[in-house]
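These notes concern the structure reproduced below.
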Amino acid sequence: MEQWDWKGIDQELYAKIKAGWDGVAKPLDGMGRFEMVLSRIGAIQGNLVPAVKKSRLLVCCADNGIVEEGVSQSGQEITAICAVNIAGGRSSAGIMAKEAGADLLVVDLGINTEKALEGVRDEKIRKGSRNFLKEPAMTSEEVERAIKIGMELVRDSKEEGYEILAIGEMGIGNTTTSSAVTAALLSLPAEAVTGRGAGLNDRMFAHKRAVIQEALQKYGYLTGGKALSDRELAMDALANLGGYDIACLAGICLGGAKYRVPIVLDGFISLAAALVACRIAPVTKEFLIASHSGKEMAVKAIEQELSLTPVIYADMALGEGTGALLMLQLLKTANAVYEESCSFEAAGIDPYQRFTTKGRNRK
């Protein structure tokens, strides 16, 4: 496995880009958080002018054995159908990717089918993870393979000229796996991190929580925790409770840090993967861009843990990368302001000056 000792972003370049925003003919900080986010994107890339035009959405798909326990309304056959529809541009994410000017790459890490899926890249590790209530969801070797695939997707995308990547997922049962992994890593009970997913009734919702709580107890996450480092605990929780989609998404986040590519996160499942990645290599956090704050219960807990501040607050819970695609559109629009707006000098206007809290001009 990797040494996970990559450098953080270029803080001097970040400061230069941020100062460049002050030269745009507008009020200071007039573009709000977009100024900071785009400055960080440029610092990740090593570009004085951030580059966000050539973008790709990576959608990681896999089935989850825990569905056997009745934690979802839908059966596993839905994952394959949705993966093909996403790849064909017929799903929400496919339509939104076209609108955002982003290319799509849908990847099968563990869909429970032997059929070839049209338009979907085959990286299948196994036909679905195992039922984590009965046995660990994945072997450590499978986890490492899924992470490696994710990192290679970033490397290959960068070599193909992509400047920024967004991530999404599809997999029936993956709000259950994500809730379980999040609970294990944040030392929280199931009830604090488990939502209704695609819309469970009260009985199924209570059952879903009970299944996760039982698994947390089974693997020793509720008995004072395990004597493991953060990295070891992340890999342990991922293998016991996670899924191939989460592991690959974590690999993409890690790949962003290794190959210096900004990664735009989506909703809950991608946030759970980001949490795993940041426990493996804390520097990864600097390369992640939060898009929206979804309505799943664990979202705010992860955002707080990773100090992520989303731009979009719309109570979305669609997945597939839809929130990340909205963020890509906003980033492209905001970056056009940075690139194309006239400067104070060109407009013949004296620029605004920054002042310290004592009223002195900030140099």
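Derivation of every value follows stated rules applied to the coordinates shown; laboratory data play no part. Since the model is a prediction, treat every value here as computed from it, not as a measurement. Backbone-built Cβ (ideal geometry, glycine too); neighbour counts: all protein chains shown.
Pull up the stretch 129-152, narrow it to residues that are buried (at least 24 other Cβ atoms within 10 Å of the Cβ) and assigned to a helix (DSSP H, G or I), then point me to the one that is nearest to the chain's Cα centre (by Cα).
By that ranking, first place goes to Gly150.
If you take the residues in the stretch 1-20 that are in contact with a Leu (Cβ under 8 Å, 6 or more places away or on another chain) and assigned to a helix (DSSP H, G or I), which one is nearest to Glu142 (Cα to Cα)?
The selected residue is Leu13.
Of the conditions (1) touching a His at 6+ places or on another chain (Cβ under 9 Å); (2) loosely packed, with under 15 Cβ neighbours inside 10 Å; (3) aliphatic (A, V, I, L, M), Ala206 clears all except one; give me its number.
Of the numbered conditions (1) touching a His at 6+ places or on another chain (Cβ under 9 Å); (2) loosely packed, with under 15 Cβ neighbours inside 10 Å; (3) aliphatic (A, V, I, L, M), the odd one out for Ala206 is (1).
Among the residues in the stretch 60-79, are any surrounded by fewer than 18 Cβ atoms within 10 Å (Cβ to Cβ), part of a loop (DSSP other than H, G, I, E, B) and touching a Gly at 6+ places or on another chain (Cβ under 8 Å)?
Checking the stretch 60-79: at least one residue is surrounded by fewer than 18 Cβ atoms within 10 Å (Cβ to Cβ), part of a loop (DSSP other than H, G, I, E, B) and touching a Gly at 6+ places or on another chain (Cβ under 8 Å).
Applying the selection to the stretch 106-149, what residues are β-branched (Val, Ile, Thr) and in contact with a helix residue (DSSP H, G or I) (Cβ under 6 Å, 6 or more places away or on another chain)?
Val106, Ile111, Thr113, Val120, Ile125, Val143, Ile147, Ile149, listed by residue number.
Identify, please: which residue in the stretch 216-265 is among the aliphatic types (A, V, I, L, M) and closer than 22 Å to Leu326 by Cα and is, among those, surrounded by the most Cβ atoms within 10 Å (Cβ to Cβ)?
Leu249
Of all the helices (runs of 4 or more DSSP H) wholly in the stretch 161-242, which have at least 1 residues that are closer than 16 Å to Asn131 by Cβ?
Helices (runs of 4 or more DSSP H) meeting the threshold: 174-186, 202-218, 230-241.
If you scan the stretch 295-342, which residues turn out to be β-branched (Val, Ile, Thr) and either in contact with a strand residue (DSSP E or B) (Cβ under 8 Å, 6 or more places away or on another chain) or free of Cβ contacts under 8 Å to residues at least 24 places away in the same chain (or both)?
Val311, Ile312, Thr322, Thr333, Val337
In the stretch 266-300, how many are in contact with a Gly (Cβ under 8 Å, 6 or more places away or on another chain) and either assigned to a loop (DSSP other than H, G, I, E, B) or of a type in the set (Asp, Glu) (or both)?
9
Within the stretch 14-42, how many residues turn out to be touching a helix residue (DSSP H, G or I) at 6+ places or on another chain (Cβ under 7 Å) and within 18 Å of Lys258 (Cα to Cα)?
2
Can you tell me which residue is farthest from Gly101 (Cα to Cα) among those in the stretch 177-197 that are touching a Lys or Arg at 6+ places or on another chain (Cβ under 6 Å) and not aliphatic (A, V, I, L, M)?
Glu191
How many of the residues making up the stretch 22-37 are under 27 Å from the mean Cα position of the chain (by Cα) and either touching a residue at least 24 places away in the same chain (Cβ under 8 Å) or outside any loop (DSSP other than H, G, I, E, B) (or both)?
Qualifying residue count for the region: 6.
Could you check the stretch 88-103 and list, in sequence order, the residues that are surrounded by fewer than 24 Cβ atoms within 10 Å (Cβ to Cβ) and under 16 Å from Leu153 (Cβ atoms)?
If the condition is that a residue be surrounded by fewer than 24 Cβ atoms within 10 Å (Cβ to Cβ) and under 16 Å from Leu153 (Cβ atoms), then Asp103 is the only one that fits.
For the stretch 1-21, what are the residues that are under 26 Å from Ile280 (Cβ atoms), touching a residue at least 12 places away in the same chain (Cβ under 8 Å) and not charged (D, E, K, R)?
Met1, Trp4, Trp6, Gly8, Ile9, Gln11, Leu13, Tyr14
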